[in-house]
1. Going 7 Å from Cα along the Cα-Cβ axis for the label, what nanometre distances separate A:LYS396 from the same residue across the other copies?
2. Just to be sure I understand the model, the point goes 7 Å from the Cα along the line to the Cβ. What's the resulting B:GLU34 to A:SER47 distance in nm?
3. Under the definition of partner shielding as Cβ atoms of other protein chains within 10 Å of a residue Cβ, what is the mean value for peptide A:109-119?
4. Check the straight Cα-Cα distances from A:LYS30 and name the aspartates and glutamates below 15 Å, setting aside those fewer than 8 residues away within the same chain.
5. Mind checking the angle between helix B:302-314 and chain B's longest principal axis? C-alpha axes, 0 to 90 degrees, to the nearest 10.
6. Need one value for B:153-160: mean number of C-beta atoms belonging to other chains within 10 Å of its residues' C-beta atoms.
7. Relative to the longest principal axis of chain A, what angle (0 to 90°, nearest 10) does the C-alpha long axis of helix A:239-248 take?
8. Write down the percent of antiparallel bridges among all DSSP beta bridges whose residues are both part of the range A:142-286, to the nearest 5.
Number of protein chains: 2
Amino acid sequence: MKGMKNFFNPQSVAIFGSMKEGKTGFEIVKNMVEGGFKGDIYPISQSGGKIFGLNIYPDFKKLDIDLAVIAIPSQLIPPLLEDLGNQRVDSVIIISAGFSEVGNFEEEERIKQIARKYQMRIIGPNCAGIMNTENNLFASIEVRALSGNTGFITQSGALGGAVLMMAEELGFGFSKFVSYGNRCDVDEADLISYLREDPQTQVITIYIEGLQEGRKFLKEARETVSKKPIIAIKAGKYEAGIRATSSHTGSLAGEDRIYDAAFKQFRILRVDDVEEMFDLSRGLIYYPRIEGERIAVVTNAGGPAVMTTDKLEDLGLQVPEPSSTLKNRLKNLLPPHVSLRNPFDLLAYGSAETFASVCKAIAPEYDAIIVIFVPTAYMDSVRIAQAVGEAKKSIKRPIFACFMAGRSVKEGIEELKRYGIPNYKTGERCAKVIQKIVLQTLKNSY
Amino acid sequence: MKGMKNFFNPQSVAIFGSMKEGKTGFEIVKNMVEGGFKGDIYPISQSGGKIFGLNIYPDFKKLDIDLAVIAIPSQLIPPLLEDLGNQRVDSVIIISAGFSEVGNFEEEERIKQIARKYQMRIIGPNCAGIMNTENNLFASIEVRALSGNTGFITQSGALGGAVLMMAEELGFGFSKFVSYGNRCDVDEADLISYLREDPQTQVITIYIEGLQEGRKFLKEARETVSKKPIIAIKAGKYEAGIRATSSHTGSLAGEDRIYDAAFKQFRILRVDDVEEMFDLSRGLIYYPRIEGERIAVVTNAGGPAVMTTDKLEDLGLQVPEPSSTLKNRLKNLLPPHVSLRNPFDLLAYGSAETFASVCKAIAPEYDAIIVIFVPTAYMDSVRIAQAVGEAKKSIKRPIFACFMAGRSVKEGIEELKRYGIPNYKTGERCAKVIQKIVLQTLKNSY
């Protein structure tokens, strides 16, 4: 069977569909052009004319097409696929709906057979398209992803759109985006296998409702997690959820407990919702491993530190006291009245220098450090970020941050990013991320 | 004992502290002036001179002071309190630290006795001050709260600051804000009792680490929850957390399970973190009651609807099928292929009119409705918001929204707000809010 390369690295892309403003074809061409794709873009429509300065081709027979993106009515698709097959186009994305998801299994079977006949690979139908931020390929109607190191594969197009819009708001970037819809040919296993070898992708995230070929998926997943982590949202736990999934992608949601057990066995990190998926992705990109469960909290903010400590212990992690040797060392570093215990509450004495020196001093005794900082009138978040960032260079332990909150720490968080320190909205969310990475690390070291 | 009125509705406020830029006294005066307080503001400092066009008074003996805010070194405070007592000032906020939180129990006992001697009420010491958005009183160094209907009481000043900054980012407003610190006199029970009678406050939120007088608190809480809900974060569950709280507010965190049981019995809604506190507050302000646990999901977005359904069922709520009568009615309202089951997935047919008519048709059979909407190229979030908002007027059931995500739905969410419909970042977060309100309602109807 042919490979997937032309989906993500085509030299030329043909878009089939109406080129009237607001129509799907138009929107995809717009995304391709505005996104800055460097290869050839061929809008195909009987209308002819021009769009964004490009010729609209009524006839595509003489064009050299690497990737075809189809957004025409479903009943017109089989003959088009035959033509494309004869032209040796081997990568096709079908955006159009109207197949198994509305009970039209016959038409879907027909396109499947055409794909097989021509050794053509198809993503879709009933999908939202794909993106590769590396070469500015935005073959999709969705908002264009920012560049990043997380690959995202989704069975639900609507969820894909929502994720992209949430990510945009957060400044969160993706390496590749794929909405695969009814997966008449290319499925999640093929996509994971592709992303495993993609150098731009460090973390793979996936939203699934049910697998068609569980064994194939788990085989690919097993091979992948030894190279890079997979984060999964598996929806459709209950009968009501299953009702919804069968109504909208034509698949049957599987038995949830079986999935859960399989994910655990195959070291796929299951998360409950999209926010947790973002949180964990950002953590894993900076810190793929955390070697143990002894966590330190360094802070100038008592309340948030207590809440974080509660959450860490709820999740089975430890927040142990420093050794007496370390306590003595800290005593020399710190003003009187500062807590020499974990959480290390620096109170109003939490200057940039103190944050940095405490992090350095305690690092050897802990597996990860969370720095929680709430700015005061006297203390600037950028200086704290720089001091902790510089300290990080000599520390062999992951440092996470929770700078609270809003505009008062915006610049500090940007500075943290430059030092490769992920920041979380709350310490509780940071604790959840640390727990998942610790579990993953300890399991992988069996 | 005297009341609390002068804390929140003073005609004149004196601020004691250094009036040099960046110092606490200066920052409080700045907040008072920039916040637009209409009464008299008296900056008090031996320096004399002017600040923000106001006279700085070296002598305060002839001033008529309703509320004194103190930010001078701790050892100078007892003599000042004596002077204020002699002047019959009966409301005092002590921002300054240096008392029981650093082991200085003696000094704290001294100010307590002075307060008793003069029947003076004191908030603090070691606190971040108070706010009343109704009369623009910002007697605090923290970022000024927006106006709203949630009262917020916090034992941790740092947590208070973080909450205010998060709220500012979210556009979330408060009626009153109180950081009460070491509570040498006024405690959480007094504050709850005050907010119970405050017409601007519809929901009371509180962050506590430990109570000093549990019985008094629960008595006030019991009387309050029959009038308005109380949402509580109780931190300091574990030994490590207790270490932190005793280091920073000088209190001992209580046994968590006892708190949990008491909260349940007294119908205080416990939440795990600040984000959940915001979510639940916004829900309760619009819908103090949800009369049962039958929830409907109406959507154009399959994936997010399945995830929400999963969460609803995880939380013990029901997502039941419509009756066959209702199914028949829906069949006439909707295009073919649209799901007549709950979740009601309108697919691409989810026009503004369809959303509205489905909500109206199903309302009699469900206790609450969640509308999940992901915009497409053809559908504008403002129109959906207006249609659902208009429908809401004739529906006797709470409607919640989850418009996803970012800038694509920003205006739609503003429109929802005008119709009194709360919007949530994810359907899962919305599900958590509904569950808490349902539990509260069913418990209250014992």
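1. 7.0
2. It works out to 5.2 nm between the two label points.
3. Details: counts 0, 0, 0, 0, 0, 0, 0, 0, 0, 0, 0.
Taking the mean over all residues of the peptide, I get 0.
4. Counting by Cα, and skipping residues close in sequence, A:LYS30 has these aspartates and glutamates nearby: A:GLU21, A:ASP40, A:GLU142.
5. The helix B:302-314 is inclined about 60 degrees to chain B.
6. Numbers: counts 0, 1, 3, 8, 5, 16, 9, 3.
Per residue, the number of nearby Cβ atoms from other chains is 6 on average.
7. 40
8. Working: 0 of 18 bridges.
Around 0 percent of the beta bridges assigned by DSSP in the range A:142-286 are antiparallel ones.
Quick note: the coordinates plus some simple rules give every number you see, no bench work behind them. All figures in this text were calculated on a predicted structure; none of them were measured in a lab. Neighbour counts are summed over all protein chains in view; Cβ atoms, including those assigned to glycine, are modelled from backbone coordinates with ideal geometry.
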